[in-house]
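*Asks:* The structure that follows is given in the form of structure tokens.
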Amino acid sequence: MKVRKAVIPAAGLGTRFLPATKAMPKEMVPIVDKPTIQFIVEEAKKSGIEDILIVTGKNKRSIEDHFDANPELEQDLEEKGKTELLHLTQSITNLGVNLYYTRQPHPAGLGDAILRARSFVGDEPFAVMLGDDLMEDKVPLTKQLIDRYDKTHASTIAVMPVPHEEVSKYGVIDPDSEIEPGLINVKAFVEKPDVDKAPSDYAIIGRYLLTPEIFDILAHQKPGRGGEIQLTDAIDTMNKTQRVFAHVFNGERHDVGNKEGYLETSIEYGLSHPQIKDDLREYIINMAQKLQKEDKNSKKK
Ligand code: UTP
């Protein structure tokens, strides 16, 4: 069956980004001038996804507004002859995918957020795309997972190696054999293991291709780490009755859900943004020289 649907869970509290996320969704925090969730929707579109369900919650209305038309703004831009900005604004309403919304009443965990998508997904395979992980590669990561699914008809989870001391922040796989380059048979999926107990350094990153059987499991899933319904735990249960593979991502991942990752990503994207790249480059070079001088002086003292 063709993969046509994606779910973007965006109902989390974004506590790593407080106070910015007190009243504003973390998925709307912009990288230069584009909200992170728009990057995700664009990746879905490039991957051939037709229908997207965004799971939202309290304080998340601006996500819906962002993808909706804004007649007042558009009229103003038109009257002032700001054609380029007008087209940019309108293009967000015409991204070429159907967007649907539902709410998760309490942020009870990623697994609980995905369970909200049950009737939207029905009996089809679907992609899950997390709003705070930006992925870059020649072929979008979601498309890579779809290509795997088309061959195996099995759930496939994107992973990549992370520094060993960071494994406790992620879901981690216990790998079995590599059945073909970049496709791993998995013994177990473990949510946020202690560093000394982690079965590998392969972390689950923010893209999943799941078969609909996950919903029956999620419906009975007990709270796991942090008292939340964990998607990783449900995937581990599913792996006991049907094959679940891990797909190794070789592209670049930007974790924009934490302050440092967000700032680094903003700088990198800014350096290729047509309007600001030259000035930003000059600024960074000057700043680097200033910092180097400061470092030298502090070492002399
Ligand atoms: P995260 O754990 O990265 O997001 O979940 P968070 O909970 O918002 O952030 P912190 O850790 O408090 O800073 C990954 C994705 O899953 C969504 C989040 O919105 C995020 O995009 N999520 C998480 C939900 O939709 N519902 C939840 O109950 C938990």
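Yes or no, residue by residue, for (1) of a type in the set (S, T, Y); (2) part of a strand (DSSP E or B); (3) over 29 Å from E228 (Cβ atoms); (4) more than 16 Å from the ligand (Cβ to nearest atom):
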residue	(1), (2), (3), (4)
Q90	no, no, yes, yes
H106	no, no, no, no
F120	no, no, no, no
E124	no, no, no, yes
V139	no, no, yes, yes
D147	no, no, yes, yes
S168	yes, no, no, no
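*Asks:* Quick check: anything in the range 143-158 at pLDDT 95 or above, among the aromatic types (F, W, Y) and open to solvent by 10 Å² or more (accessible area, probe 1.4 Å)?
*Replies:* yes
*Asks:* OK, next. I'm checking my understanding of the structure. Among residues of the range 249-285 that are among the β-branched types (V, I, T) and surrounded by fewer than 18 Cβ atoms within 10 Å (Cβ to Cβ), which one is nearest to the ligand (Cβ to nearest atom)? Working first, answer last.
*Replies:* To start, the set of residues in the range 249-285 that are among the β-branched types (V, I, T) comprises 256, 265, 267, 276, 284-285.
Still in the running and surrounded by fewer than 18 Cβ atoms within 10 Å (Cβ to Cβ): 267, 276, 284-285.
Values: I267: 21, I276: 27, I284: 27, I285: 33 Å.
Only one residue fits best here, namely I267.
*Asks:* Can you tell me which residue is farthest from the chain's Cα centre (by Cα) among those in the range 181-194 that are more than 24 Å from D112 (Cα to Cα) and in a loop (DSSP other than H, G, I, E, B)?
*Replies:* P181
*Asks:* Is it the case, given these coordinates, that I217 is away from the ligand (no atom under 16 Å from the Cβ) and either crowded, with 19+ Cβ neighbours inside 10 Å or under 15 Å from D112 (Cα atoms) (or both)?
*Replies:* On the way: away from the ligand (no atom under 16 Å from the Cβ): yes; either crowded, with 19+ Cβ neighbours inside 10 Å or under 15 Å from D112 (Cα atoms) (or both): yes.
Spelling it out, I217 is indeed away from the ligand (no atom under 16 Å from the Cβ) and either crowded, with 19+ Cβ neighbours inside 10 Å or under 15 Å from D112 (Cα atoms) (or both).
*Asks:* Going residue by residue through the range 171-187, is there one that turns out to be under 20 Å from I40 (Cα atoms) and away from the ligand (no atom under 14 Å from the Cβ)? Spell out how you get there, then give the answer.
*Replies:* Narrowing the range 171-187 to residues under 20 Å from I40 (Cα atoms): none.
No.
*Asks:* So is I49 within 14 Å of the ligand (Cβ to nearest atom) and open to solvent by less than 70 Å² (accessible area, probe 1.4 Å) or not?
*Replies:* On the way: within 14 Å of the ligand (Cβ to nearest atom): no; open to solvent by less than 70 Å² (accessible area, probe 1.4 Å): yes.
Considered against the rule, which asks whether it is within 14 Å of the ligand (Cβ to nearest atom) and open to solvent by less than 70 Å² (accessible area, probe 1.4 Å), I49 comes out as no.
*Asks:* I've got another one for you. Cβ-Cβ below 9 Å, separation at least six or inter-chain, first residue in the range 74-100 and without any contact (Cβ under 8 Å) to a residue 12 or more places away in the chain, second surrounded by 13 or more Cβ atoms within 10 Å (Cβ to Cβ) and outside any helix (DSSP H, G or I): which pairs?
*Replies:* D76/K82
*Asks:* Could you list all residues from the range 227-248 that are of a type outside the set (S, T, N, Q), closer than 19 Å to I179 by Cα and open to solvent by 50 Å² or more (accessible area, probe 1.4 Å)?
*Replies:* Matches in the range 227-248: K240, R243.
*Asks:* Could you check V190 against (1) in contact with a helix residue (DSSP H, G or I) (Cβ under 9 Å, 6 or more places away or on another chain); (2) surrounded by fewer than 19 Cβ atoms within 10 Å (Cβ to Cβ) and say which number it fails?
*Replies:* (2)
*Asks:* Collect the residues in the range 9-40 that are more than 13 Å from the ligand (Cβ to nearest atom) and either within 13 Å of the chain's Cα centre (by Cα) or without any contact (Cβ under 8 Å) to a residue 40 or more places away in the chain (or both), keeping them in residue-number order.
*Replies:* Filtering the range 9-40 for residues more than 13 Å from the ligand (Cβ to nearest atom) gives 23, 30-34, 38.
Those that are more than 13 Å from the ligand (Cβ to nearest atom) and either within 13 Å of the chain's Cα centre (by Cα) or without any contact (Cβ under 8 Å) to a residue 40 or more places away in the chain (or both): A23, P30, K34, Q38.
*Asks:* In the range 74-114, how many residues are among the hydroxyl-bearing types (S, T, Y) and out of contact with any strand residue (DSSP E or B) (no Cβ under 8 Å at 6 or more places or on another chain)? So that I can check it myself, show each step before the final result.
*Replies:* We begin by selecting, within the range 74-114, every residue among the hydroxyl-bearing types (S, T, Y); these are 83, 89, 91, 93, 100-102.
Checking which are out of contact with any strand residue (DSSP E or B) (no Cβ under 8 Å at 6 or more places or on another chain) leaves us with 83, 89, 91, 93.
So the answer is 4.
*Asks:* Right, next: Residues G111, G81: which one is at positive phi and not hydroxyl-bearing (S, T, Y)? Spell out the reasoning first.
*Replies:* Working: G111 fails: at positive phi.
Criteria check complete, one pass: G81.
The values are calculated or read from the model by the stated rules, or taken from the named source; none is laboratory data. What you are looking at is a predicted structure, and each value in this text was computed from that prediction instead of being measured. Ideal geometry is used to build each Cβ from the backbone, glycine not excepted, and the neighbour counts take in all protein chains shown. Remember, those area values only see protein heavy atoms, side chains included, never the ligands or the DNA or RNA. Shrake-Rupley method; radii C 1.70, N 1.55, O 1.52, S 1.80 Å.
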